[in-house]
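Read the structure below first, then the notes.
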Amino acid sequence: MVNQQQIDAFLERNLIKVAKPARYSGGEINQVVKAWEQVETHVALIFPDLYDLGMSNLGLAVLYDLLNQRPDALAERAFAPWSDMEALMRQAGVPLFSLETRRPLSEFDILGFSLPYETLYTNTLNLLDLAGVPLFSAERREADPLVIAGGHAAYNPEPMHAFIDAFVIGEGEEVIGEIVEAHQSWKRRGAARSELLAALAQIWGVYVPVFYQPSYYQDGTVKAIEKLDQAAPLPVVKRIVAKLPPPPTRFVVPYIDTVHNRAPIEIMRGCTRGCRYCHAGMINRPVRERPVDEILDAIEGALANTGFEEVGLLSLSSSDYTHILELVQRVSQRFAGRHLTISLPSLRIESFSVELMDALKDARRSGFTLAPEAATERMREIINKPVATGQLLETARAIYGRGWHNIKLYFMIGHPSETIADVQAIVDLCKAVLAEGRRLIGKRAQVTAGVSTFIPKAHTPFQWVACDTLEQMTEKIDLLKRSLRGPGLKLNWNPPEDTLFEAWLSRGDRRLAEVIYQAWRNGARFDAWKEHFRFDLWQEAFRAAGLDPAFYTHRERPIDEVFPWEHISAGVRKKYLTEDYLWSLQGKTRADCRQRCFACGILPTFAELRRAHPGKTWQCPEVKSRRIPVEMIEQAAANQPLS
């Protein structure tokens, strides 16, 4: 077995041969190194993509901070080596190692993979193989690490069920500690690995695939999902953190540029807008907000601990934060003169958002981002983002008039009921926005259109609809490429093949595990990277598995179809999602949940929190400025909308 000294010697010989050697060196400011022998549980937190991306992942930073606060545990980091480093490692027989102490990952007790998106699946297999850990959960023995995974992609865990021992469904701040304690108890007893899996299945929010089994109809659709152990929960309900803990402030500072060179501070979790395409908006309910003073103290701490010159105030909808104006004003006052850049992403399309950014007094103004998602009011009503075109143009005028010269507009093509005229409307709207800018600031005005293709995600009202075909996507993108040209206009788009690939995995069932395995064996790696993605390898993998990829993407699903993710609950009832989907077919919109509760199902889940933590008072997340009385919970449990 390769030891730490041999890994050190390997790096000394080879770091000079690879791009960005600091990806593999460790030793950064604020990394945590503990004495291995003095802690009981050793956890490797793995982001299965490049260091450059993984170091900007807030979830990994949160878990790293929480685990290393425990005296009985340590957490170290690992990332996917780029192809140049992987080739050298495999040639020398060097396994995947942690950055902090350069220990082989096979020596850790728990390997925790972050899966924020599906394009990381083959990298996950590759890293397990590079670490010398059996790829398939069924082949692991007591001496092998426990392999867990969490993140947004875990809300449909079935395509990866064969490779992951246990999935965390939902939020990880509390459950990670319970997993550590369950592992410690199991290890002290010297029990069989099956007993560890059984103990994990009893933890709220933990899904252990081995205890569940789907059956299928002859047409390939799921007939039922049954549990094989009576003690296993069905459904597995996502874990919710009732009160957000204080945000981390001692971030590890990379030696190289990463995707976001900033201190990320989460100001709010969840969203009440109800956009029907938005996976994050559905699975992150309910809304929980951090106090203004806590956010300000976190910014102060992060600056002192890291030296970052930019802070990102993160949420799904920043301008919906109840005290956003107070927060922005106090940030501007407290940090005036310190050359600090504050980014406030995810703002609504309204002049108030522009005023907020203006209040931050950021001297380095260039681009301002808006996300109408669709260019016609008809389409925006279908997706439940009812913004008037006139309001968007008014906001554009406010942006250009305050000194920004580039407006970035994000759209999706492929929404349900979309026509080619709706795609042409993207062109027309971009040109109308540019015209407003030209009128106000002349030729300095620019518009950048970012266009992605809609994928109907699990646990959303659009989970029943079909994806566009490759031909439909190509036709729409070609129209945009022909028309969005000329001075002041720029278009960014996703290749249609990338969209189909992600849709296969996000909507797949357990049979996709064989496809993922075959694609990895054929050489699929870094599927999110243009220079590595091989669409043909995935087509070959589907053929080898005897599956038709169109089955997963190009058919509209009946209302009563059992989804592959049916046994996973995000806390939002399927009945509510069904009603919202049917409303979309009629062009009906729902108001913001802060104005009216539609009994989506999250209130009864919060009631469970109440019973579990009777000493706490819960703020109703959907109905602003109310407390949750018992009769409201009973009413919501009966699926009766609250007026």
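What to note about this one:
- In region 2-51, the residue that is nearest to Thr122 (Cα to Cα) out of those that are surrounded by fewer than 15 Cβ atoms within 10 Å (Cβ to Cβ), among the charged types (D, E, K, R) and in contact (Cβ under 8 Å) with a residue 24 or more places away in the chain is Lys17.
- Residues located in region 310-334, provided they are in contact (Cβ under 8 Å) with a residue 40 or more places away in the chain and among the charged types (D, E, K, R): Glu310, Asp320
- Annotation note: of Ile407, Ile349, the sole residue that is surrounded by 16 or more Cβ atoms within 10 Å (Cβ to Cβ), touching a strand residue (DSSP E or B) at 6+ places or on another chain (Cβ under 6 Å), among the aliphatic types (A, V, I, L, M) and closer than 20 Å to Ala591 by Cα is Ile349.
- Whichever residue in region 191-207 is part of a loop (DSSP other than H, G, I, E, B) and in contact (Cβ under 8 Å) with a residue 24 or more places away in the chain and, among such residues, is surrounded by the most Cβ atoms within 10 Å (Cβ to Cβ): Gly205
- Conditions (1) over 20 Å from Ile407 (Cβ atoms); (2) of a type in the set (A, V, I, L, M, F, W, C); (3) without any contact (Cβ under 8 Å) to a residue 12 or more places away in the chain; number of the one not met by Ala435: (1)
- When region 412-466 is filtered for residues that are under 19 Å from the mean Cα position of the chain (by Cα) and among the aromatic types (Phe, Trp, Tyr), the ones remaining, listed by number, are Phe454, Phe462.
- Close pairs from region 576-597: first on the phi > 0 side of the Ramachandran plot, partner of a type in the set (D, E, K, R), Cβ under 9 Å, at least 6 apart: Gly587/Arg378; Gly587/Glu381
- From the options Gly367, Gly274, residue that is closer than 19 Å to Phe411 by Cα, among the small types (Gly, Ala, Ser) and surrounded by fewer than 20 Cβ atoms within 10 Å (Cβ to Cβ): Gly367
- If you go through region 441-465 and keep only what is on the phi < 0 side of the Ramachandran plot and surrounded by fewer than 16 Cβ atoms within 10 Å (Cβ to Cβ), you end up with Ile441, Lys443, Arg444.
- Residue-level analysis places Leu505 among those that are surrounded by 17 or more Cβ atoms within 10 Å (Cβ to Cβ) and in contact with a Pro (Cβ under 7 Å, 6 or more places away or on another chain).
- Residue among Ala131, Ala80, Ala73, Ala87 that is crowded, with 18+ Cβ neighbours inside 10 Å, within 25 Å of Glu531 (Cβ to Cβ), more than 24 Å from the chain's Cα centre (by Cα) and not acidic (Asp, Glu): Ala131
- Where helices (runs of 4 or more DSSP H) fall wholly inside region 80-190, the ranges with 1 or more residues that are free of Cβ contacts under 8 Å to residues at least 12 places away in the same chain and more than 21 Å from Tyr51 (Cα to Cα) are 83-92, 175-189.
- Taken together, Ala524, Ala550 contain a single residue that is within 29 Å of Lys227 (Cα to Cα), at pLDDT 95 or above and among the aliphatic types (A, V, I, L, M), which is Ala550.
- Lone unmet requirement of (1) within 23 Å of Asp358 (Cα to Cα); (2) modelled with pLDDT of 95 or more; (3) surrounded by fewer than 22 Cβ atoms within 10 Å (Cβ to Cβ) for Arg290: (3)
- Taken over region 521-555, the criterion of being exposed (fewer than 15 other Cβ atoms within 10 Å of the Cβ) and acidic (Asp, Glu) is satisfied by Glu531, Asp536, Asp548.
- Restricted to region 208-324, the set of strands (runs of 3 or more DSSP E) holding at least 3 residues that are among the aliphatic types (A, V, I, L, M) comprises 222-227, 310-314.
- Within region 518-545, being outside any helix (DSSP H, G or I) and either touching a residue at least 40 places away in the same chain (Cβ under 8 Å) or in the same structural domain as Val222 (by TED's automatic domain parsing) (or both) holds for Ala524, Arg525, Phe526, Asp527, Ala528, His532.
- Taken over region 469-494, residues that are in a loop (DSSP other than H, G, I, E, B), farther than 17 Å from Ala435 by Cβ and out of contact with any strand residue (DSSP E or B) (no Cβ under 6 Å at 6 or more places or on another chain) amount to 1.
- Residues of region 395-445 classified as small (Gly, Ala, Ser) and farther than 23 Å from Ser346 by Cβ, total: 7
The values are calculated or read from the model by the stated rules, or taken from the named source; none is laboratory data. In this text the structure is predicted, and so the values were computed from the model without any measurement. In this analysis, Cβ positions are derived from the backbone assuming ideal geometry, glycine residues included, and neighbour counts consider all displayed protein chains.
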